[in-house]
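Worksheet: the structure to be examined is printed underneath.
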Amino acid sequence: MLNHHIAGIMKNVLVLDDEVDLAESVATSLQDNGYQTQYCTSVDEALKKMSLSQFDLIISDIKMPQKDGLEFFHIIKSDLKEKSTAFVLMTGHAEGISIQSAYDMGVDEFVSKPFDLEDLNLMVNLILKNNLKAYAGDDKFYKIGLTEFLLASVSDYDVYLKVNDNFLCLAKKGHELLPERLHNYYKKGMQHIYLSSSDFTRYIGMQVNLSEIVKIKPLDKVKKIKLFNHFSKTISESALNEFISDDLYGKVAGSFENYVQIALESTDLFVLINSLSNYDKDRSSKSVLVSFLALTVFQHWKWTHPKHLSKIAIAALLCDIGIESVCPTLNKRYIDMTPEEKTDYEKHPLKSYMQISRIRNIPEEILYVVLQHHENDAGLGFPQKLPKAKLHPYSRVVHTLYEFVDQVDQMSSRESVKNTLDKMLSFQKRLVSIQVLKTLYITFNIPVPEELISILLPTDTPRLI
Ligand SMILES: [Fe+2]
(Lines give C-alpha, C1' and ligand atoms only; values in the text may rest on other atoms or scores of the structure.)
Protein backbone atom coordinates (compact mmCIF):
# COMPACT_ATOMS: atom_id res chain seq x y z
CA MET A 1 0.00 0.00 0.00
CA LEU A 2 2.83 2.30 0.97
CA ASN A 3 4.41 2.22 -2.47
CA HIS A 4 1.26 3.46 -4.08
CA HIS A 5 0.82 6.38 -1.71
CA ILE A 6 4.39 7.43 -2.29
CA ALA A 7 4.11 7.13 -6.03
CA GLY A 8 0.68 8.78 -5.96
CA ILE A 9 -0.67 6.25 -8.39
CA MET A 10 -3.08 4.30 -6.27
CA LYS A 11 -5.25 2.48 -8.76
CA ASN A 12 -9.01 2.79 -8.70
CA VAL A 13 -11.19 -0.30 -8.82
CA LEU A 14 -14.97 -0.56 -9.03
CA VAL A 15 -16.68 -3.78 -7.93
CA LEU A 16 -20.19 -4.60 -9.06
CA ASP A 17 -22.30 -7.50 -7.80
CA ASP A 18 -25.97 -7.71 -6.90
CA GLU A 19 -24.96 -9.73 -3.84
CA VAL A 20 -23.83 -6.92 -1.62
CA ASP A 21 -21.79 -9.15 0.71
CA LEU A 22 -19.71 -10.44 -2.15
CA ALA A 23 -19.18 -6.97 -3.64
CA GLU A 24 -18.08 -5.70 -0.27
CA SER A 25 -15.71 -8.57 0.49
CA VAL A 26 -14.01 -8.27 -2.93
CA ALA A 27 -13.66 -4.51 -2.45
CA THR A 28 -12.23 -4.90 1.06
CA SER A 29 -9.75 -7.52 0.01
CA LEU A 30 -8.50 -5.35 -2.85
CA GLN A 31 -8.23 -2.42 -0.48
CA ASP A 32 -6.03 -4.52 1.81
CA ASN A 33 -3.91 -5.23 -1.25
CA GLY A 34 -3.34 -1.51 -1.82
CA TYR A 35 -6.10 -0.48 -4.21
CA GLN A 36 -8.64 2.28 -3.87
CA THR A 37 -12.04 0.63 -4.24
CA GLN A 38 -15.73 1.37 -4.48
CA TYR A 39 -18.54 -1.11 -4.81
CA CYS A 40 -22.18 -1.14 -5.88
CA THR A 41 -24.99 -3.57 -6.68
CA SER A 42 -26.43 -2.48 -10.04
CA VAL A 43 -25.26 -1.34 -13.45
CA ASP A 44 -27.10 1.99 -13.14
CA GLU A 45 -25.36 2.70 -9.86
CA ALA A 46 -22.03 1.73 -11.43
CA LEU A 47 -22.56 4.11 -14.36
CA LYS A 48 -23.32 6.90 -11.92
CA LYS A 49 -20.06 6.22 -10.09
CA MET A 50 -18.23 6.17 -13.37
CA SER A 51 -19.51 9.63 -14.22
CA LEU A 52 -17.93 10.91 -11.00
CA SER A 53 -14.58 9.12 -11.00
CA GLN A 54 -12.18 7.45 -13.33
CA PHE A 55 -11.62 3.72 -12.78
CA ASP A 56 -8.63 1.68 -13.89
CA LEU A 57 -10.48 -1.58 -13.49
CA ILE A 58 -14.04 -2.80 -13.19
CA ILE A 59 -14.87 -6.18 -11.71
CA SER A 60 -18.42 -7.15 -12.52
CA ASP A 61 -20.76 -10.03 -11.90
CA ILE A 62 -22.43 -11.37 -15.02
CA LYS A 63 -25.90 -12.34 -13.81
CA MET A 64 -27.84 -9.46 -12.23
CA PRO A 65 -31.61 -8.75 -12.05
CA GLN A 66 -31.79 -5.69 -14.36
CA LYS A 67 -28.93 -4.97 -16.73
CA ASP A 68 -26.40 -7.79 -16.65
CA GLY A 69 -22.60 -7.82 -16.73
CA LEU A 70 -22.36 -8.35 -20.49
CA GLU A 71 -24.63 -5.39 -21.23
CA PHE A 72 -22.52 -3.36 -18.82
CA PHE A 73 -19.36 -4.43 -20.65
CA HIS A 74 -20.81 -3.37 -24.01
CA ILE A 75 -21.98 -0.02 -22.63
CA ILE A 76 -18.50 0.68 -21.31
CA LYS A 77 -16.60 -0.42 -24.40
CA SER A 78 -19.00 0.68 -27.17
CA ASP A 79 -21.04 3.58 -25.80
CA LEU A 80 -18.62 5.15 -23.35
CA LYS A 81 -15.54 4.10 -25.33
CA GLU A 82 -13.63 3.49 -22.12
CA LYS A 83 -10.97 1.51 -23.91
CA SER A 84 -8.38 1.93 -21.19
CA THR A 85 -10.56 0.62 -18.38
CA ALA A 86 -9.80 -3.02 -17.76
CA PHE A 87 -12.68 -5.42 -17.17
CA VAL A 88 -12.95 -8.62 -15.13
CA LEU A 89 -16.06 -10.73 -15.41
CA MET A 90 -17.26 -12.84 -12.47
CA THR A 91 -19.57 -15.69 -13.27
CA GLY A 92 -21.24 -18.70 -11.73
CA HIS A 93 -21.14 -21.97 -13.63
CA ALA A 94 -23.46 -22.51 -16.58
CA GLU A 95 -24.32 -18.87 -17.11
CA GLY A 96 -24.26 -19.16 -20.85
CA ILE A 97 -20.81 -17.79 -21.55
CA SER A 98 -17.59 -19.67 -22.07
CA ILE A 99 -14.24 -18.44 -20.88
CA GLN A 100 -12.99 -18.32 -24.44
CA SER A 101 -15.89 -16.22 -25.69
CA ALA A 102 -15.37 -13.77 -22.83
CA TYR A 103 -11.73 -13.33 -23.81
CA ASP A 104 -12.72 -13.06 -27.46
CA MET A 105 -15.06 -10.21 -26.54
CA GLY A 106 -12.15 -8.35 -25.01
CA VAL A 107 -12.70 -9.07 -21.32
CA ASP A 108 -9.30 -8.91 -19.60
CA GLU A 109 -9.89 -11.67 -17.08
CA PHE A 110 -12.57 -14.09 -16.14
CA VAL A 111 -13.25 -15.74 -12.76
CA SER A 112 -15.70 -18.50 -11.94
CA LYS A 113 -17.57 -18.33 -8.66
CA PRO A 114 -16.77 -19.40 -6.09
CA PHE A 115 -13.26 -18.04 -6.39
CA ASP A 116 -10.40 -17.54 -4.05
CA LEU A 117 -9.86 -13.88 -3.14
CA GLU A 118 -6.11 -14.42 -3.30
CA ASP A 119 -6.42 -15.58 -6.92
CA LEU A 120 -8.49 -12.54 -7.78
CA ASN A 121 -5.89 -10.26 -6.18
CA LEU A 122 -3.10 -11.86 -8.22
CA MET A 123 -5.19 -11.33 -11.32
CA VAL A 124 -5.73 -7.67 -10.53
CA ASN A 125 -2.01 -7.16 -9.87
CA LEU A 126 -1.27 -8.60 -13.28
CA ILE A 127 -3.88 -6.54 -15.12
CA LEU A 128 -2.89 -3.30 -13.45
CA LYS A 129 0.79 -4.24 -13.69
CA ASN A 130 1.35 -3.56 -10.03
CA ASN A 131 4.15 -5.31 -8.31
CA LEU A 132 2.29 -5.54 -5.03
CA LYS A 133 3.10 -8.88 -3.49
CA ALA A 134 5.33 -9.60 -6.42
CA TYR A 135 7.91 -12.22 -5.78
CA ALA A 136 10.18 -10.88 -3.08
CA GLY A 137 12.74 -13.66 -2.72
CA ASP A 138 16.18 -13.58 -4.31
CA ASP A 139 15.60 -16.82 -6.14
CA LYS A 140 16.43 -17.08 -9.82
CA PHE A 141 13.66 -17.49 -12.36
CA TYR A 142 13.73 -19.88 -15.28
CA LYS A 143 11.73 -19.29 -18.40
CA ILE A 144 9.56 -21.73 -20.32
CA GLY A 145 7.84 -21.03 -23.63
CA LEU A 146 4.26 -20.16 -22.75
CA THR A 147 2.73 -22.21 -25.54
CA GLU A 148 4.95 -25.20 -24.74
CA PHE A 149 4.44 -25.24 -20.98
CA LEU A 150 3.09 -28.63 -19.94
CA LEU A 151 0.06 -27.68 -17.93
CA ALA A 152 -2.25 -29.66 -15.69
CA SER A 153 -5.64 -28.12 -14.85
CA VAL A 154 -4.43 -27.54 -11.32
CA SER A 155 -1.02 -25.96 -11.38
CA ASP A 156 1.79 -27.99 -9.83
CA TYR A 157 3.93 -24.86 -9.58
CA ASP A 158 3.83 -21.19 -8.70
CA VAL A 159 3.60 -19.79 -12.21
CA TYR A 160 4.89 -16.28 -12.90
CA LEU A 161 4.74 -13.80 -15.75
CA LYS A 162 7.33 -11.10 -16.25
CA VAL A 163 5.78 -7.65 -16.32
CA ASN A 164 7.95 -4.53 -16.43
CA ASP A 165 10.87 -6.54 -15.06
CA ASN A 166 8.80 -7.78 -12.13
CA PHE A 167 7.77 -11.36 -11.71
CA LEU A 168 4.05 -11.41 -11.01
CA CYS A 169 2.32 -14.58 -9.94
CA LEU A 170 -0.25 -15.88 -12.41
CA ALA A 171 -1.31 -18.91 -10.41
CA LYS A 172 -0.27 -20.43 -7.13
CA LYS A 173 0.63 -24.05 -6.70
CA GLY A 174 -2.50 -26.15 -6.18
CA HIS A 175 -4.76 -23.53 -7.76
CA GLU A 176 -6.59 -23.73 -11.05
CA LEU A 177 -4.81 -22.49 -14.16
CA LEU A 178 -6.91 -22.79 -17.29
CA PRO A 179 -5.31 -23.06 -20.74
CA GLU A 180 -7.64 -20.33 -22.05
CA ARG A 181 -6.24 -17.91 -19.47
CA LEU A 182 -2.70 -18.73 -20.37
CA HIS A 183 -3.45 -18.42 -24.07
CA ASN A 184 -5.03 -15.02 -23.47
CA TYR A 185 -1.72 -13.77 -22.07
CA TYR A 186 0.06 -15.21 -25.09
CA LYS A 187 -2.26 -13.19 -27.33
CA LYS A 188 -1.27 -10.12 -25.35
CA GLY A 189 2.35 -10.72 -26.26
CA MET A 190 3.65 -12.74 -23.31
CA GLN A 191 6.06 -15.33 -24.70
CA HIS A 192 7.17 -17.06 -21.52
CA ILE A 193 6.09 -18.15 -18.09
CA TYR A 194 8.63 -18.32 -15.30
CA LEU A 195 9.26 -20.77 -12.47
CA SER A 196 11.42 -20.44 -9.39
CA SER A 197 14.48 -22.70 -9.30
CA SER A 198 12.95 -25.32 -7.00
CA ASP A 199 9.82 -25.51 -9.16
CA PHE A 200 11.93 -25.60 -12.31
CA THR A 201 13.90 -28.55 -10.96
CA ARG A 202 10.63 -30.36 -10.30
CA TYR A 203 9.49 -29.45 -13.80
CA ILE A 204 12.59 -31.13 -15.24
CA GLY A 205 11.90 -34.15 -13.01
CA MET A 206 8.40 -34.35 -14.42
CA GLN A 207 9.79 -34.30 -17.98
CA VAL A 208 12.30 -37.01 -17.10
CA ASN A 209 9.41 -39.21 -15.92
CA LEU A 210 7.41 -38.27 -18.96
CA SER A 211 10.19 -39.50 -21.25
CA GLU A 212 9.66 -43.01 -19.85
CA ILE A 213 5.96 -42.84 -20.60
CA VAL A 214 6.40 -41.33 -24.04
CA LYS A 215 8.76 -44.13 -24.98
CA ILE A 216 6.11 -46.80 -24.53
CA LYS A 217 3.02 -44.80 -25.41
CA PRO A 218 1.86 -44.83 -29.05
CA LEU A 219 1.84 -41.06 -29.40
CA ASP A 220 1.69 -39.14 -32.64
CA LYS A 221 5.25 -38.55 -33.96
CA VAL A 222 4.87 -34.81 -34.21
CA LYS A 223 3.76 -34.73 -30.57
CA LYS A 224 6.81 -36.74 -29.56
CA ILE A 225 9.11 -34.38 -31.43
CA LYS A 226 7.46 -31.45 -29.70
CA LEU A 227 8.04 -33.05 -26.32
CA PHE A 228 11.66 -33.73 -27.24
CA ASN A 229 12.07 -30.15 -28.42
CA HIS A 230 10.54 -28.82 -25.23
CA PHE A 231 12.68 -31.06 -23.04
CA SER A 232 15.82 -29.92 -24.87
CA LYS A 233 14.89 -26.28 -24.37
CA THR A 234 14.22 -26.85 -20.70
CA ILE A 235 17.64 -28.43 -20.29
CA SER A 236 19.43 -25.66 -22.14
CA GLU A 237 17.58 -23.05 -20.06
CA SER A 238 18.76 -24.86 -16.96
CA ALA A 239 22.34 -25.10 -18.25
CA LEU A 240 22.37 -21.45 -19.31
CA ASN A 241 21.69 -20.32 -15.81
CA GLU A 242 23.79 -22.59 -13.67
CA PHE A 243 25.85 -25.68 -14.08
CA ILE A 244 24.02 -28.97 -14.23
CA SER A 245 24.52 -31.12 -11.16
CA ASP A 246 25.90 -34.68 -11.44
CA ASP A 247 22.58 -36.02 -10.30
CA LEU A 248 20.62 -34.03 -12.85
CA TYR A 249 23.01 -34.94 -15.64
CA GLY A 250 22.49 -38.66 -14.95
CA LYS A 251 18.73 -38.28 -15.22
CA VAL A 252 18.88 -36.03 -18.26
CA ALA A 253 21.20 -38.40 -20.12
CA GLY A 254 18.77 -41.27 -19.46
CA SER A 255 15.84 -39.24 -20.76
CA PHE A 256 17.77 -38.21 -23.84
CA GLU A 257 18.29 -41.88 -24.62
CA ASN A 258 14.53 -42.29 -24.50
CA TYR A 259 13.74 -39.15 -26.44
CA VAL A 260 16.33 -39.51 -29.20
CA GLN A 261 14.99 -42.93 -30.09
CA ILE A 262 11.50 -41.60 -30.63
CA ALA A 263 12.71 -38.45 -32.32
CA LEU A 264 14.22 -40.55 -35.06
CA GLU A 265 11.22 -42.68 -35.89
CA SER A 266 10.05 -40.28 -38.54
CA THR A 267 11.17 -39.81 -42.12
CA ASP A 268 10.46 -36.38 -43.58
CA LEU A 269 12.91 -33.90 -42.11
CA PHE A 270 10.85 -30.90 -43.19
CA VAL A 271 7.81 -32.18 -41.32
CA LEU A 272 9.96 -32.63 -38.25
CA ILE A 273 11.59 -29.24 -38.50
CA ASN A 274 8.22 -27.58 -38.89
CA SER A 275 7.08 -29.35 -35.77
CA LEU A 276 9.94 -27.87 -33.76
CA SER A 277 7.50 -25.20 -32.77
CA ASN A 278 8.42 -21.52 -32.61
CA TYR A 279 11.72 -22.03 -34.30
CA ASP A 280 13.45 -18.70 -34.32
CA LYS A 281 17.05 -17.67 -34.27
CA ASP A 282 17.39 -17.38 -30.52
CA ARG A 283 20.26 -19.24 -28.99
CA SER A 284 18.45 -22.15 -27.43
CA SER A 285 16.23 -22.81 -30.47
CA LYS A 286 19.33 -22.88 -32.60
CA SER A 287 21.03 -25.35 -30.27
CA VAL A 288 17.99 -27.61 -30.24
CA LEU A 289 17.94 -27.59 -34.01
CA VAL A 290 21.64 -28.44 -34.30
CA SER A 291 21.17 -31.16 -31.73
CA PHE A 292 18.32 -32.57 -33.73
CA LEU A 293 20.17 -32.41 -37.05
CA ALA A 294 23.16 -34.14 -35.46
CA LEU A 295 20.84 -36.99 -34.53
CA THR A 296 19.59 -37.35 -38.06
CA VAL A 297 23.16 -37.34 -39.39
CA PHE A 298 24.14 -40.07 -36.92
CA GLN A 299 21.01 -41.97 -37.80
CA HIS A 300 21.91 -41.83 -41.47
CA TRP A 301 25.39 -43.10 -40.72
CA LYS A 302 23.91 -45.87 -38.54
CA TRP A 303 25.82 -44.65 -35.50
CA THR A 304 22.67 -45.42 -33.59
CA HIS A 305 23.61 -46.78 -30.22
CA PRO A 306 21.38 -44.83 -27.76
CA LYS A 307 24.47 -43.75 -25.81
CA HIS A 308 26.11 -42.21 -28.92
CA LEU A 309 22.89 -40.51 -29.89
CA SER A 310 22.28 -38.99 -26.49
CA LYS A 311 25.92 -37.83 -26.28
CA ILE A 312 25.86 -36.00 -29.60
CA ALA A 313 22.43 -34.52 -28.82
CA ILE A 314 23.49 -33.23 -25.40
CA ALA A 315 26.85 -31.99 -26.68
CA ALA A 316 25.26 -29.96 -29.47
CA LEU A 317 22.72 -28.59 -27.03
CA LEU A 318 25.26 -27.36 -24.51
CA CYS A 319 27.97 -25.90 -26.78
CA ASP A 320 26.89 -22.31 -26.36
CA ILE A 321 25.98 -22.13 -22.70
CA GLY A 322 29.16 -20.10 -22.03
CA ILE A 323 28.01 -17.27 -24.31
CA GLU A 324 25.83 -15.88 -21.56
CA SER A 325 28.84 -15.10 -19.37
CA VAL A 326 31.11 -13.60 -22.08
CA CYS A 327 28.65 -11.54 -24.10
CA PRO A 328 25.13 -11.78 -22.68
CA THR A 329 23.46 -9.24 -24.97
CA LEU A 330 25.24 -10.12 -28.18
CA ASN A 331 22.89 -11.51 -30.76
CA LYS A 332 24.30 -11.12 -34.24
CA ARG A 333 26.09 -13.16 -36.82
CA TYR A 334 29.82 -13.64 -36.44
CA ILE A 335 30.57 -11.76 -39.66
CA ASP A 336 28.66 -8.71 -38.39
CA MET A 337 30.61 -8.45 -35.11
CA THR A 338 33.18 -5.77 -34.32
CA PRO A 339 36.75 -6.98 -33.60
CA GLU A 340 36.17 -6.44 -29.84
CA GLU A 341 32.94 -8.38 -29.95
CA LYS A 342 34.68 -11.16 -31.82
CA THR A 343 37.39 -11.40 -29.16
CA ASP A 344 34.77 -11.82 -26.44
CA TYR A 345 32.67 -14.18 -28.48
CA GLU A 346 35.63 -16.40 -29.26
CA LYS A 347 36.05 -17.16 -25.58
CA HIS A 348 32.68 -18.87 -25.30
CA PRO A 349 33.74 -22.45 -26.18
CA LEU A 350 36.24 -22.32 -23.31
CA LYS A 351 33.62 -20.90 -20.94
CA SER A 352 31.11 -23.57 -21.93
CA TYR A 353 33.80 -26.19 -21.47
CA MET A 354 34.65 -24.93 -18.00
CA GLN A 355 31.01 -24.88 -17.00
CA ILE A 356 30.35 -28.38 -18.27
CA SER A 357 33.55 -30.00 -17.06
CA ARG A 358 32.29 -29.48 -13.50
CA ILE A 359 29.85 -32.33 -14.05
CA ARG A 360 31.69 -35.31 -12.68
CA ASN A 361 30.51 -38.04 -15.03
CA ILE A 362 30.38 -36.06 -18.22
CA PRO A 363 31.51 -38.19 -21.19
CA GLU A 364 34.68 -36.94 -22.87
CA GLU A 365 33.05 -36.76 -26.31
CA ILE A 366 30.78 -34.03 -24.98
CA LEU A 367 33.74 -32.08 -23.64
CA TYR A 368 35.53 -32.36 -27.00
CA VAL A 369 32.51 -31.11 -28.90
CA VAL A 370 31.93 -28.17 -26.58
CA LEU A 371 35.55 -27.07 -26.73
CA GLN A 372 35.99 -27.63 -30.46
CA HIS A 373 32.66 -26.66 -32.00
CA HIS A 374 34.16 -23.56 -33.63
CA GLU A 375 37.40 -25.18 -34.75
CA ASN A 376 37.52 -25.99 -38.43
CA ASP A 377 39.22 -28.38 -40.82
CA ALA A 378 41.59 -25.68 -42.10
CA GLY A 379 43.02 -25.03 -38.63
CA LEU A 380 41.63 -21.47 -38.62
CA GLY A 381 38.94 -21.79 -35.99
CA PHE A 382 38.76 -20.64 -32.40
CA PRO A 383 39.70 -20.70 -29.59
CA GLN A 384 42.74 -22.85 -30.40
CA LYS A 385 43.17 -23.02 -34.21
CA LEU A 386 43.46 -26.77 -33.89
CA PRO A 387 44.48 -28.73 -37.01
CA LYS A 388 42.01 -31.16 -38.51
CA ALA A 389 43.90 -34.17 -37.16
CA LYS A 390 43.17 -33.04 -33.61
CA LEU A 391 39.44 -32.57 -34.08
CA HIS A 392 37.07 -35.13 -32.65
CA PRO A 393 34.72 -36.48 -35.34
CA TYR A 394 31.71 -35.45 -33.24
CA SER A 395 33.09 -31.88 -33.12
CA ARG A 396 33.32 -31.74 -36.90
CA VAL A 397 29.72 -32.85 -37.22
CA VAL A 398 28.51 -30.23 -34.76
CA HIS A 399 30.72 -27.49 -36.25
CA THR A 400 29.37 -28.09 -39.75
CA LEU A 401 25.80 -28.12 -38.50
CA TYR A 402 26.18 -24.86 -36.57
CA GLU A 403 27.58 -23.24 -39.72
CA PHE A 404 24.64 -24.56 -41.69
CA VAL A 405 22.00 -23.41 -39.19
CA ASP A 406 23.67 -19.99 -38.92
CA GLN A 407 23.53 -19.48 -42.65
CA VAL A 408 20.20 -20.91 -43.65
CA ASP A 409 17.42 -18.34 -43.85
CA GLN A 410 14.43 -20.57 -43.78
CA MET A 411 14.86 -24.05 -42.51
CA SER A 412 11.39 -25.07 -43.65
CA SER A 413 12.02 -24.15 -47.29
CA ARG A 414 13.68 -26.76 -49.49
CA GLU A 415 15.01 -24.05 -51.77
CA SER A 416 16.61 -22.10 -48.96
CA VAL A 417 18.21 -25.27 -47.57
CA LYS A 418 19.51 -26.20 -51.03
CA ASN A 419 20.98 -22.71 -51.62
CA THR A 420 22.74 -22.77 -48.27
CA LEU A 421 24.23 -26.20 -48.87
CA ASP A 422 25.34 -25.18 -52.38
CA LYS A 423 26.95 -22.04 -50.99
CA MET A 424 28.76 -23.97 -48.27
CA LEU A 425 29.97 -26.45 -50.85
CA SER A 426 31.40 -23.66 -53.01
CA PHE A 427 33.00 -21.50 -50.35
CA GLN A 428 33.56 -23.57 -47.23
CA LYS A 429 34.63 -26.92 -48.57
CA ARG A 430 37.98 -26.73 -46.77
CA LEU A 431 36.44 -25.68 -43.47
CA VAL A 432 33.61 -28.09 -42.87
CA SER A 433 33.00 -31.81 -43.01
CA ILE A 434 32.15 -32.73 -46.55
CA GLN A 435 30.51 -35.93 -45.35
CA VAL A 436 28.12 -33.95 -43.20
CA LEU A 437 27.26 -31.72 -46.16
CA LYS A 438 26.56 -34.73 -48.35
CA THR A 439 24.42 -36.26 -45.60
CA LEU A 440 22.38 -33.05 -45.33
CA TYR A 441 21.63 -33.15 -49.06
CA ILE A 442 20.42 -36.71 -48.65
CA THR A 443 18.41 -36.26 -45.45
CA PHE A 444 16.74 -33.12 -46.80
CA ASN A 445 15.90 -35.06 -49.93
CA ILE A 446 17.84 -32.74 -52.24
CA PRO A 447 19.75 -34.29 -55.17
CA VAL A 448 23.41 -34.74 -54.25
CA PRO A 449 25.68 -32.57 -56.47
CA GLU A 450 27.96 -34.38 -58.87
CA GLU A 451 31.16 -33.56 -57.02
CA LEU A 452 29.89 -35.21 -53.82
CA ILE A 453 28.67 -38.42 -55.35
CA SER A 454 31.97 -40.21 -54.95
CA ILE A 455 32.46 -39.04 -51.35
CA LEU A 456 32.15 -42.00 -49.01
CA LEU A 457 30.06 -41.60 -45.91
CA PRO A 458 31.21 -43.17 -42.64
CA THR A 459 28.42 -45.66 -43.09
CA ASP A 460 29.87 -46.89 -46.39
CA THR A 461 33.26 -47.49 -44.89
CA PRO A 462 34.50 -48.48 -41.46
CA ARG A 463 36.83 -45.49 -41.11
CA LEU A 464 35.67 -42.41 -39.24
CA ILE A 465 35.10 -39.10 -40.96
FE1 LIG B 1 29.22 -21.57 -30.30
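Restricting attention to the range 311-341, the residues that are free of Cβ contacts under 8 Å to residues at least 12 places away in the same chain, within 14 Å of the ligand (Cβ to nearest atom) and more than 22 Å from residue 409 (Cα to Cα) total 0. Only one entry of 421, 386 meets the criterion of being surrounded by 14 or more Cβ atoms within 10 Å (Cβ to Cβ), in a helix (DSSP H, G or I) and free of Cβ contacts under 8 Å to residues at least 60 places away in the same chain, and that entry is 421. Evaluating residue 287 against the criteria (1) of a type in the set (Gly, Ala, Ser); (2) away from the ligand (no atom under 14 Å from the Cβ); (3) under 24 Å from the mean Cα position of the chain (by Cα); (4) farther than 22 Å from residue 438 by Cβ leaves one unmet condition, (2).
For the condition over 23 Å from residue 288 (Cβ atoms), within 14 Å of the ligand (Cβ to nearest atom), in contact (Cβ under 8 Å) with a residue 12 or more places away in the chain and surrounded by 13 or more Cβ atoms within 10 Å (Cβ to Cβ), residue 344 qualifies. Of all residues in the range 393-402, one or more are of a type in the set (Gly, Ala, Ser) and surrounded by 14 or more Cβ atoms within 10 Å (Cβ to Cβ). Of all positions in the range 358-379, none carries a residue that is surrounded by fewer than 20 Cβ atoms within 10 Å (Cβ to Cβ) and within 12 Å of the ligand (Cβ to nearest atom).
β-branched (Val, Ile, Thr) and surrounded by fewer than 16 Cβ atoms within 10 Å (Cβ to Cβ), is that true of residue 225?
Taking the combined requirement at face value, the residue does not satisfy it.
Among the residues of the range 310-341, write down those that are more than 16 Å from residue 240 (Cβ to Cβ) and surrounded by 14 or more Cβ atoms within 10 Å (Cβ to Cβ). Of everything in the range 310-341, those that are more than 16 Å from residue 240 (Cβ to Cβ) and surrounded by 14 or more Cβ atoms within 10 Å (Cβ to Cβ) turn out to be 310, 311, 312, 313, 337, 341.
The helices (runs of 4 or more DSSP H) located wholly in the range 302-354 that include 1 or more residues which are among the acidic types (Asp, Glu) and in the same structural domain as residue 259 (by TED's automatic domain parsing) occupy 323-326, 339-345. When we screen 240, 330, 272, 248 for residues that are at pLDDT 75 or above and hydrophobic (A, V, I, L, M, F, W, C), the only hit is 248.
Just one of 359, 366 is among the aliphatic types (A, V, I, L, M), part of a helix (DSSP H, G or I) and touching a residue at least 12 places away in the same chain (Cβ under 8 Å); which is it?
Numbers: 359 fails: part of a helix (DSSP H, G or I).
After ruling out the rest, the residue left standing is 366.
Residues checked against (1) surrounded by 22 or more Cβ atoms within 10 Å (Cβ to Cβ); (2) out of contact with any Pro (no Cβ under 6 Å at 6 or more places or on another chain); (3) assigned by TED's automatic domain parsing to the domain that holds residue 23; (4) of a type outside the set (S, T, N, Q):
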{"position": "58", "(1), (2), (3), (4)": "yes, yes, yes, yes"}
{"position": "71", "(1), (2), (3), (4)": "no, yes, yes, yes"}
{"position": "80", "(1), (2), (3), (4)": "no, yes, yes, yes"}
{"position": "84", "(1), (2), (3), (4)": "no, yes, yes, no"}
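The values are calculated or read from the model by the stated rules, or taken from the named source; none is laboratory data. Everything numeric in this text was worked out from a predicted model, so none of it was measured. For neighbour counting, all protein chains shown are included, and Cβ atoms are generated from backbone atoms with ideal geometry for every residue, glycine included.
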